[in-house]
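The values are calculated or read from the model by the stated rules, or taken from the named source; none is laboratory data. Note that the coordinates shown come from a computational prediction; the quantities given were computed from them, not determined experimentally. When we count neighbours, we look across all protein chains shown, and the Cβ atoms used for this are built from the backbone with ideal geometry, even at glycine. To get the accessible areas, we keep the full protein, side chains included, count just its heavy atoms, and leave off ligands, DNA and RNA. Shrake-Rupley method; radii C 1.70, N 1.55, O 1.52, S 1.80 Å.
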Amino acid sequence: MATQTKLNFNIDNGLRSIVDVNPCYETSGGVAVLGDSLEVMRAIPTGSVSLVLTSPPYALHFKKAYGNKEKHEYIEWMIPFAREIRRILKDDGSFVLNIGGSYNKGVPTRSIYHFKLLVALIEDVGFHLAQECFWYNPAKMPMPAEWVTVRRIRVKDSVEYVWWLSKTPHPKADNRKVLRAYSPDMIRLNKRKLRETTRPGGYIIKESFADVTTGGSIPPNVIEEDIAEDMLRFGNNAANDRYTLRCKAAGLKIHPARFPAALPEFFIRLLTENDDIVLDPFAGSNTLGMVAERLGRRWVAIEQEEEYLRASRFRFDEFD
Ligand SMILES: C[S@@+](CC[C@H](N)C(=O)[O-])C[C@H]1O[C@@H](n2cnc3c(N)ncnc32)[C@H](O)[C@@H]1O
């Protein structure tokens, strides 16, 4: 059974109604709720959340949680969640969906279920595609072995899709919050000074192009996990981080499919401000909540497997 805590979650816009649903634990910044996220989200007021960021079970993981559903059933399963997500988002809110690609059964061709899902989210549910982004994960296994390592007719897959969707065409976003350090090339260019020039493709490069006084360079739409940085800031995703050590000590299952802290960090910074509410309806080990708490955002995590949710407490100082 989940430990029932008296909820003292200072969300002032009615989100307290989720108290009735079955909170598992709370911190100063958020609440973790045990249950089916479709049910839990129904108790959340319309237009109250700034960002929903999540990684649902992919079609390939589907068997475990939901019986023998096939990929074509996945979209049907996902749409009711997406409708609730759209409802609870603020008009300037975003829905960031991390979803992995996969192969068709028995043949070396790729499924397009995640593209079909994207089309349905836009055409049936009413989301807008703000931008398609990618999570570059070079640590992915060279799978399926049959095509990649045995017959050697496909290469290693190293990206996952991250659909950045929005409720309206103008979600709140500020890329100045995710600037990166300038590259050595950029700094060299800046020292040398550029003269305005036109590239062979016709693109005009202005003198200000190499101006390194604007705070950093604008990042690409490919999010990379930097394990060293992750460890420094969040103690996340290494074999000996606090979460995994505490799970082992408590004899609790370590979540097998966590995303790196760098992924929620990028979108929380880009799309939200202090005190905004961010929500993960398929929270797993609650990586999102951990990052949101450190960045001063309020968070709601919903997970239906009690053991995962209980273990996710270890991500927070309060439970040290
Ligand atoms: C890919 S994992 C998420 C991992 C998470 N991003 C992390 O970093 O730990 C998906 C999770 O969704 C949960 N889940 C599946 N269906 C659910 C539902 N209807 N309501 C709540 N959680 C659900 C699964 O138990 C699983 O832990």
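Some observations on this one:
- Criterion violated by Leu38 - all others in (1) within 14 Å of the ligand (Cβ to nearest atom); (2) surrounded by fewer than 18 Cβ atoms within 10 Å (Cβ to Cβ); (3) modelled with pLDDT under 90 satisfied: (3)
- Entirely in the range 75-167, the strands (runs of 3 or more DSSP E) that have 2 or more residues that are closer than 18 Å to Ile44 by Cβ and in contact (Cβ under 8 Å) with a residue 60 or more places away in the chain: 89-99
- Taking residues in the range 304-320 that are in a helix (DSSP H, G or I), and partners anywhere that are of a type in the set (Lys, Arg), the pairs with Cβ atoms closer than 7 Å and at least 6 places apart or on different chains are Glu307/Lys253; Tyr308/Lys253; Ala311/Lys253; Phe314/Arg242; Phe314/Arg246; Phe319/Arg313.
- When residues of the range 81-106 are limited to those that are touching a Phe, Trp or Tyr at 6+ places or on another chain (Cβ under 9 Å) and at pLDDT below 95, the one nearest to Asp276 (Cα to Cα): Ile99
- Looking only at the range 296-308, residues that are out of contact with any Pro (no Cβ under 6 Å at 6 or more places or on another chain), surrounded by 20 or more Cβ atoms within 10 Å (Cβ to Cβ) and under 26 Å from Lys90 (Cβ atoms) come to 6 in all.
- Matching residues in the range 26-35 - criterion: being outside any loop (DSSP other than H, G, I, E, B) and either near the ligand (Cβ under 9 Å from one of its atoms) or within 19 Å of the chain's Cα centre (by Cα) (or both): Gly30, Val31, Ala32, Val33, Leu34
- Yes/no for Glu273 being open to solvent by 10 Å² or more (accessible area, probe 1.4 Å) and within 8 Å of the ligand (Cβ to nearest atom): no
- In the set (1) buried (at least 18 other Cβ atoms within 10 Å of the Cβ); (2) of a type in the set (A, V, I, L, M); (3) free of Cβ contacts under 8 Å to residues at least 60 places away in the same chain; (4) out of contact with any strand residue (DSSP E or B) (no Cβ under 7 Å at 6 or more places or on another chain), the condition left unmet by Ala249 is number (1).
- Within the range 284-295, being open to solvent by 10 Å² or more (accessible area, probe 1.4 Å) and either of a type in the set (A, V, I, L, M) or at pLDDT 95 or above (or both) holds for one residue alone: Leu295.
- Of the residues making up the range 288-298, those that are within 13 Å of the ligand (Cβ to nearest atom) and touching an Asp or Glu at 6+ places or on another chain (Cβ under 8 Å) are Leu288, Gly289, Val291.
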